[in-house]
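Engineer: This is the structure I want to talk about, given as structure tokens.
We did not get these values from a lab; they are worked out from the coordinates using the rules stated. Because the structure is predicted, anything quoted here is derived from the model rather than measured. Cβ placement follows ideal geometry from the backbone for every residue including glycine, while neighbour counts extend to all protein chains displayed.
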Amino acid sequence: MTTKIVRVTGRRIWDSRGRPTVEVDVEFEGGAKGRGIAPAGASRGSHEAIDLRDDGGRLGGFDVSAAVANVNGEIATALAEMDGADQRAVDERLVALDGTPQKSRLGGHALIATSMAVLHAAASARGLPLWRHLAGEAPVRLPLPQVQIFGGGAHAGRRVDIQDFLVMPVGARSFDEAMVMVAEVYRAAGELMRAAGRLCGVADEGGWWPDFKANEEALDMVARSIERAGFRKGEVVMALDIAASEFRADGRYRLGLENREFDTAAWIEVVLGWTRAYPIVSVEDPVAEDDPEGMRAFTAAVGDKVQVIGDDFLVTSAARIADAAREGQCNAVLLKPNQAGTITETVEALAAAREAGWTTVVSARSGETEDVAIAHLAVGWNAGQLKVGSFARSERMAKWNECLRIEAELGSSARFAGREALQGDQAKSASSGKTGRGTSR
Ligand code: PGA
Ligand code: ZN
């Protein structure tokens, strides 16, 4: 079946915040089809691929008509007749065609939607589900989920400063059981909020609205929810995405909610205190993207006890990951394909993280759609962990549900990453036979 690209079609569709986004359909000569949809972040790293948004007041300045025109024009022309089974060649063509360091000319959303559409069509041409197309004969695992219970920061009108208060069901034996455990904690949190008279709907990623007087109150509420749901110590643990770039100004960390501010050293002490007081096994962006020394100090202070994830700090860039690994900044990476702009660059970031012996977390964005490709990437790449927001709203649940279907399809050969996902040497030894960072997490 020939995999020559014969059609590339872009259109405007709408994301979970009711904002325009880019969808791309690709067709091969042999008839295989693929569709990619770009998600959108709200707390974006300043070095990630830039989405091209139309100028002017229409749709809040979020319209994508220029980006869609780029897909139907320049991009469609450039990819015509290329071999869609050669993902690297397609992605290199896209990057060269754009020609800017952050994909700002054609648009990061136009590029990632096209790159994903080609990937889907290639899987379809082989008659394989996407995860299997990516994995080949390599081992796969269902990812340990990071699930938001309270959403704050840029996803909740900065009601609290910290962005994500998450749980990880490390004691689960399957993805199915992991979902049951998370559902119990999410429900318990809602009940506790109702009992406290503080239940007021949900934030952008479906987590409960954080009606708290201090950031630490939210931490407390997550810990109490785990307890109320009846889990033993260590069965369900906590994770944070601090997204600290959002509240750093003039070199200081300012907690708007508590009207307090800190220098880097004092701020790190605050977060370290939380990791000691609560069962927190993972902290994302503990300091701001422009505070590499803070990132190094925090990573050194937690040693192997806490997973330190770079999101805004690393923006799914292989070069940044290699630099950070050399400098001892972070020990894990968040992989967001639309930060990189193409699938090939995302795979390169994954490889750089594995080379460093890091753990890896495939992640959606706060602006999402019904697209479930991210679940396939997490499984097919054997990433170990998946983060797609909370346990409510269909753009989130669609991803969790897709993992359940993949687990069912794998049947008795399905493996759930569980607690092992927090050990950096696991994926690396699975992929290369070498050993990486040992850990006591
Ligand atoms: P974003 O944030 O998708 O709104 O940029 C998600 C995250 O920080 O992990
Ligand atoms: Zn983040």
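Engineer: Using the Kirkwood radius built from alpha carbon pairs, what does the Stokes-Einstein equation give as D for the range 50-146 at 20 °C and 1.002 mPa s, in µm² per second?
Structural biologist: Result for D is 142 µm²/s.
Engineer: What 222 nm value per residue comes from the helices of the chain, counting each DSSP H run with n ≥ 4 as -39,500 (n - 2.57) and dividing by all residues, nearest 500 deg cm²/dmol?
Structural biologist: Computed mean residue ellipticity for the chain: -11500 deg cm²/dmol.
Engineer: Calculated FRET efficiency, Ala196 and Arg415, Cβ-Cβ r, R0 51 Å, to nearest 0.05?
Structural biologist: Approximately 0.80, to the nearest 0.05.
Engineer: Count neighbours as other Cβ atoms within 10 Å of each site's Cβ, and list the GluC sites (Glu not before Pro) in the range 128-208 that are DSSP loop with at most 13 such neighbours.
Structural biologist: Answer by residue number: Glu137.
Engineer: Sticking with this one: Working only with C-alpha atoms, what are the Rg and Dmax values of the chain, expressed in angstrom?
Structural biologist: 20.8, 63
Engineer: What residues have an amide H closer than 5 Å to that of Trp14, excluding those fewer than 5 places away on the same chain, when H is modeled at 1.01 Å from N in the peptide plane?
Structural biologist: Thr21
Engineer: As an exercise, use a Förster radius of 41 Å and the Cβ-Cβ distance of Ser46 and Lys233 to find the FRET efficiency, rounded to the nearest 0.05.
Structural biologist: Working: r = 39 Å, r/R0 = 0.96.
About 0.55, to the nearest 0.05.
Engineer: Once amide H atoms are placed 1.01 Å from N in the peptide plane, what residues at a sequence separation of 5 or more from Lys4, or on another chain, have their amide H within under 5 Å of its amide H?
Structural biologist: Here the answer is Glu29, Gly30, Gly84, since their amide H atoms fall under 5 Å of that of Lys4.
Engineer: Which percent of the Cα-Cα distances in the range 272-353 go past 14 Å? All intermediate terms of the calculation are to be shown ahead of the outcome.
Structural biologist: On the way: 1925 of 3321 pairs.
Counting every Cα pair in the range 272-353, those more than 14 Å apart make up 58 percent.
Engineer: Residue by residue through the range 47-55, what is 3J(HN,Hα) from phi via Karplus (6.51 cos²θ - 1.76 cosθ + 1.60, θ = phi - 60°)? Round to whole Hz and write x for glycine and proline.
Structural biologist: So the J values, rounded to whole Hz, are 9, 7, 4, 9, 7, 7, 10, 5, 6.
Engineer: Would you order Asp304, Asp250, Asp15 from fewest to most other beta-carbon atoms within 10 Å of each residue's own beta-carbon?
Structural biologist: On the way: Asp304 14, Asp250 6, Asp15 23.
In order of increasing Cβ crowding within 10 Å: Asp250, Asp304, Asp15.
Engineer: Ranked by Cβ crowding within 10 angstrom, fewest neighbours first, how are Met168, Met193, Met181 ordered?
Structural biologist: Going from sparsest to densest Cβ surroundings: Met193, Met181, Met168.
Engineer: With +1 on the Cβ of every Lys and Arg and -1 on the Cβ of every Asp and Glu, and nothing else charged, how large is the dipole of the chain about its Cα centre, in debye rounded to the nearest 20? Write out the running numbers ahead of the final one.
Structural biologist: Details: 52 positive and 62 negative charges, 175 e Å.
The dipole of the chain has a size of about 840 debye.
Engineer: Treat the count of other C-beta atoms within 10 Å as a stand-in for reagent exposure and order His155, His133, His376 from fewest to most.
Structural biologist: Lowest count first: His133, His376, His155.
Engineer: In addition: Roughly how many Å is it from the Cα centre of the range 254-288 to that of the range 92-148, as a whole number?
Structural biologist: So the two Cα centres are separated by 34 Å.
Engineer: Can I ask one more? What's the ranking of 105-116, 33-44, 71-82 by average number of surrounding C-beta atoms within 10 Å, highest first? Could you put the intermediate results ahead of the total?
Structural biologist: Working: 105-116: 28.6, 33-44: 21.8, 71-82: 17.0.
The most tightly packed comes first, giving 105-116, 33-44, 71-82.
Engineer: Only loop residues by DSSP count here, and only those with at most 13 other Cβ atoms within 10 Å; note down the trypsin sites (Lys or Arg not before Pro) in the range 195-262 that meet that.
Structural biologist: Of the trypsin sites (Lys or Arg not before Pro), the ones in loops of the range 195-262 whose Cβ has at most 13 other Cβ atoms within 10 Å are Lys213, Arg232, Lys233.
Engineer: Under 5 Å between amide H atoms, partner at least 5 residues away or on a different chain: which partners does Ser282 have, H built in plane at 1.01 Å?
Structural biologist: For Ser282, the qualifying residues are Leu240, Gln307.
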